[in-house]
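Chemist: Sharing a structure below in structure tokens format, with a few things to ask.
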């Protein structure tokens, strides 16, 4: 017997204190208000290092990850920067100046084209190369990519509990 189907869209805030992860559901469906998502990050530096991050999965097609970087700037990653017909994806690409290079996208090696900061989770122990392998896996939906990230970093149970239908 399988459990309920996972949510196709959601927004969560993920933070860590020591080895303890906390995942808070921000919206049961993907948020399309970028300023709201940025505010959910909190004040830069207020939560220690590494800072919390916000993950939005939109319709299982792509995900966006936002996090404060040095000096309070927002670091952004989008799993597929070619999804410009989606409001949130277009806003993220425009606001953070993410280049969309579609050459090579959708070929035999990659399902889409990640854009932005692939080092955004390096301070948590997920280096660029490993994150790129996850976000370019052609057999994974966006929610499954986020699940792989959560498993790799150690907050899979907290994520599953937060996004359970």
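The values are calculated or read from the model by the stated rules, or taken from the named source; none is laboratory data. This is a predicted model, so every value here is computed, not measured. As a convention, Cβ positions derive from the backbone with ideal geometry for all residues, glycine included, and neighbour counts pool all protein chains shown.
Chemist: I'm trying to understand the selection: among the residues of the range 151-165, which are crowded, with 16+ Cβ neighbours inside 10 Å, out of contact with any strand residue (DSSP E or B) (no Cβ under 8 Å at 6 or more places or on another chain) and either in contact (Cβ under 8 Å) with a residue 12 or more places away in the chain or part of a loop (DSSP other than H, G, I, E, B) (or both)?
Modeler: If the condition is that a residue be crowded, with 16+ Cβ neighbours inside 10 Å, out of contact with any strand residue (DSSP E or B) (no Cβ under 8 Å at 6 or more places or on another chain) and either in contact (Cβ under 8 Å) with a residue 12 or more places away in the chain or part of a loop (DSSP other than H, G, I, E, B) (or both), then 152 is the only one that fits.
Chemist: Is it true that residue 13 is over 16 Å from the mean Cα position of the chain (by Cα) and at pLDDT 90 or above?
Modeler: So residue 13 does not fit the description; no.
Chemist: Sticking with this structure for a sec: All but one of (1) at pLDDT 95 or above; (2) touching a helix residue (DSSP H, G or I) at 6+ places or on another chain (Cβ under 7 Å) hold for residue 53; which doesn't?
Modeler: (2)
Chemist: Identify all residues within the range 32-50 that are modelled with pLDDT under 90 and crowded, with 20+ Cβ neighbours inside 10 Å; write none if there are none.
Modeler: 34
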